[in-house]
Amino acid sequence: AVPPRHMDSVLDILDALESPARGGSPGTAAALGRGLGVCSTPGCRAVLGEPLGTPERPPALTPGQWQLLTELLHHDPATPELGVVLAPDGSTVALGPLLAGIEAGLRSGGFGRPLPTLDPPADPLLAVTIAEALGTSFLLAQGGDNNATVLGPGGCWDDVENPRNYTLRGPPSPVPDPVAIGAMDGAVLGARLARGPLPVAELLRGYYGTGNGSEAGRPPSSYRRRDFGALAGQGRLEKEVAAVLGLLRTLSPTSELLRDVGTQEVAAVAHRAAREFSERYMECPAIVPRCLWGAHPYRGTPALLQPPLGSVFLHHTLEPSRPCRTFSACARAMRDMQRFHQDTRGWDDIGYSFVVGSDGYLYEGRGWHWVGAHTKGYNTQGFGIGIVGDFTATLPDPDTLALVRDELLPCAVRSGHVRPDFTLRGHRQLGHTDCPGNALFQEIQSWPGFQ
C-alpha cells in the first residue's frame with residue numbers, strides 16, 4: 001500500500017533511510033532525492049551538481065514507500081502539485097525545494113562535498129530554494145501577457161485525514177503556494193543544518209511537530225514566514241534573485257531566456273519579485289481555506305461585499321472557550337461553529353469573515369468576498385474577525401494578538417479589502433453583548449484604527 005501524502009509518511013521514510021543500523025546517514029535522503037529529480041533546473045544543478053544516475057529502491061523502504069517517494073520527487077514543472085505533502089500544521093509543502101535546501105545546508109555545514117563558488121556570487125541556499133524559481137517566474141511573466149500568474153495559487157486536499165490528491169485552485173505559476181512554503185522551510189532548515197548536521201528526520205520532526213496530537217504549543221513551522229523574513233528580508237531576496245538571474249545567463253537553456261534582457265531589466269524583475277513575494281508570504285498571514293478545515297457548503301446564494309470596506313469588527317468566539325493550538329483542533333472548532341451557526345441559528349454559513357487560531361493561522365469563514373453574519377446591522381460595512389477562545393478575563397497570547405494587529409490589518413489595507421482610514425471596533429460597541437470579552441476589548445483600544 002502507498003502511504004498517504006502526509007509529512008508523517010515522509011518522516012517514516014527518512015527514519016528508515018537514515019538508520020545507521022541499515023547503513024544510512026543524514027545525507028542519504030538528499031542524495032536519493034537528487035537521483036529522483038529534486039534538483040532538475042539549471043541553477044540548482046549549477047549549485048548542487050548533476051545527479052548520479054537513477055537510483056534503485058533501497059532495501060530499507062517498502063515498495064509502497066518507494067512508490068510514494070518517486071512520485072513526490074519526480075519533477076514536472078507542468079504539475080507542481082504532485083510533489084507536495086500535507087504537514088501537521090495544515091500547510092502544504094513541496095518536497096523539492098525543501099530537500100534541495102536541506103542538501104545545501106548539510107554541504108555548507110561540512111557534510112558531503114563542498115559547494116562550488118558561484119560566479120556571479122550568489123547564496124547557494126537561497127539559489128536552490130527560492131531565488132531561481134522566483135526569478136524565472138517573474139522573468140517569464142515579463143515576456144507574456146500582464147495577467148500571467150507569477151505567485152500562487154493555493155489548493156485543496158481530497159481528505160486531510162488521509163491525503164492522496166491535492167488540486168490547485170487556479171492556473172499554476174512556477175511558484176504556487178506549496179513551492180513557496182517548501183522553499184521557505186528549505187531555507188530555514190538549511191540554515192540550521194549549516195551550523196551543524198543532525199539527522200534530517202529528527203530536524204523535520206521537531207520543526208513540523210508530528211502527528212495531530214500535541215497541544216503544548218505552536219510548532220516552529222507555523223513561524224516560517226517570520227523566520228524566513230529574518231533570514232532573507234526583501235532587500236536580501238532582491239539581491240539574490242538578481243544574482244541567480246546573472247548565473248542563469250551563463251547556463252543552458254536559460255541563457256536563451258535572458259538573451260535580450262539588460263542589466264536594468266534584471267534589476268527591475270528582481271525588485272518586483274522580491275517585493276511581491278515578501279508582501280504575499282512574509283508580511284501577510286497564511287489563511288487556511290474552507291476546503292481544508294472541512295466546511296459545509298454555503299446554504300443559499302451569498303451576497304457579495306463591495307470593497308474596500310471601512311470597518312473591522314473584532315469578536316471572541318466564547319465557544320470554544322479555550323484557544324485552539326493545532327490545525328486539527330482549530331479545524332474542529334471551525335466545523336463546530338459552522339454547525340452551530342447553520343443548524344441552531346439558521347444562518348446560511350459560519351458568521352465570521354475570518355477566525356483566528358492560536359496555532360498561527362487564519363481560518364477562512366465567509367472570506368473577503370461574501371457578506372457575513374457577525375455584527376447585526378453592519379455586516380455589509382465591515383469584516384468580522386473572531387478569535388477562538390473566551391477573552392473575558394484573559395488575553396490571547398502575544399503572537400495571536402500580533403497576527404491580527406500587525407499582519408492581518410495592514411495586509412487587508414494593502415490588498416485593497418479595507419480602506420486605509422478604516423475604523424476598528426469591538427462587537428459590544430454595536431450591539432447588546434459582552435463580546436469580545438473585557439480583557440480583549442481593553443487591549444484593542446490601543447490598536448491603530450480603534451474608535
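The values are calculated or read from the model by the stated rules, or taken from the named source; none is laboratory data. Not measured: the values here are computed from a predicted model. So basically every Cβ, Gly included, is an ideal-geometry build from the backbone, and we count neighbours across all protein chains shown. Each accessible area value is taken on the protein alone, full model and side chains, heavy atoms only, with ligands, DNA and RNA left out. Shrake-Rupley method; radii C 1.70, N 1.55, O 1.52, S 1.80 Å.
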### Message
Checking residue 263 against (1) free of Cβ contacts under 8 Å to residues at least 24 places away in the same chain; (2) of a type in the set (Ser, Thr, Tyr); (3) in contact with a strand residue (DSSP E or B) (Cβ under 8 Å, 6 or more places away or on another chain), only one condition comes out false. Which one?
### Response
(3)
### Query
What tally of residues in the range 325-355 results from selecting those that are hydrophobic (A, V, I, L, M, F, W, C), under 21 Å from residue 427 (Cα atoms) and under 22 Å from the mean Cα position of the chain (by Cα)?
4
### Task
Could you please let me know if residue 362 is surrounded by 21 or more Cβ atoms within 10 Å (Cβ to Cβ), touching a strand residue (DSSP E or B) at 6+ places or on another chain (Cβ under 8 Å) and touching a residue at least 60 places away in the same chain (Cβ under 8 Å)?
yes
### Tally, over the range 403-451, of residues that are touching a residue at least 12 places away in the same chain (Cβ under 8 Å) and assigned to a strand (DSSP E or B)
9
### Query
Is one or more of the residues making up the range 11-29 under 30 Å from residue 254 (Cβ atoms), assigned by the TED database to the domain that holds residue 221 and assigned to a loop (DSSP other than H, G, I, E, B)?
yes
### Query
Which numbered condition trips up residue 391, out of (1) out of contact with any helix residue (DSSP H, G or I) (no Cβ under 7 Å at 6 or more places or on another chain); (2) over 24 Å from residue 419 (Cα atoms); (3) of a type outside the set (S, T, N, Q)?
(1)
### Query
Which of the following residues is closer than 19 Å to residue 200 by Cβ and of a type in the set (S, T, N, Q): 40, 9?
9
### Query
So residue 332 clears everything in (1) outside any loop (DSSP other than H, G, I, E, B); (2) surrounded by 18 or more Cβ atoms within 10 Å (Cβ to Cβ); (3) among the basic types (Lys, Arg) except one condition, right? Which one?
(2)
### Task
Inspect all residues belonging to the range 377-398 and state whether any of them is under 22 Å from the mean Cα position of the chain (by Cα), open to solvent by 10 Å² or more (accessible area, probe 1.4 Å) and of a type in the set (D, E, K, R).
yes
### Task
Would you be able to say whether some residue in the range 35-49 is of a type in the set (A, V, I, L, M, F, W, C), under 24 Å from the mean Cα position of the chain (by Cα) and part of a helix (DSSP H, G or I)?
yes
### Task
Could you please find all residues in the range 36-64 being open to solvent by less than 30 Å² (accessible area, probe 1.4 Å) and touching a residue at least 60 places away in the same chain (Cβ under 8 Å)?
38, 39, 43, 44, 47, 48, 49, 64
### Criterion (of a type in the set (Asp, Glu) and open to solvent by less than 10 Å² (accessible area, probe 1.4 Å)) met by exactly one of 159, 185, 123
185
### Query
So which residues in the range 312-323 are at negative phi and open to solvent by 10 Å² or more (accessible area, probe 1.4 Å), if there are any at all?
316, 317, 319, 320, 321, 322, 323
### Message
Cβ contacts < 7 Å: first residue without any contact (Cβ under 8 Å) to a residue 12 or more places away in the chain, restricted to the range 373-400; second residue surrounded by 21 or more Cβ atoms within 10 Å (Cβ to Cβ), any location; separation 6+ or different chain. Result?
### Response
379/372
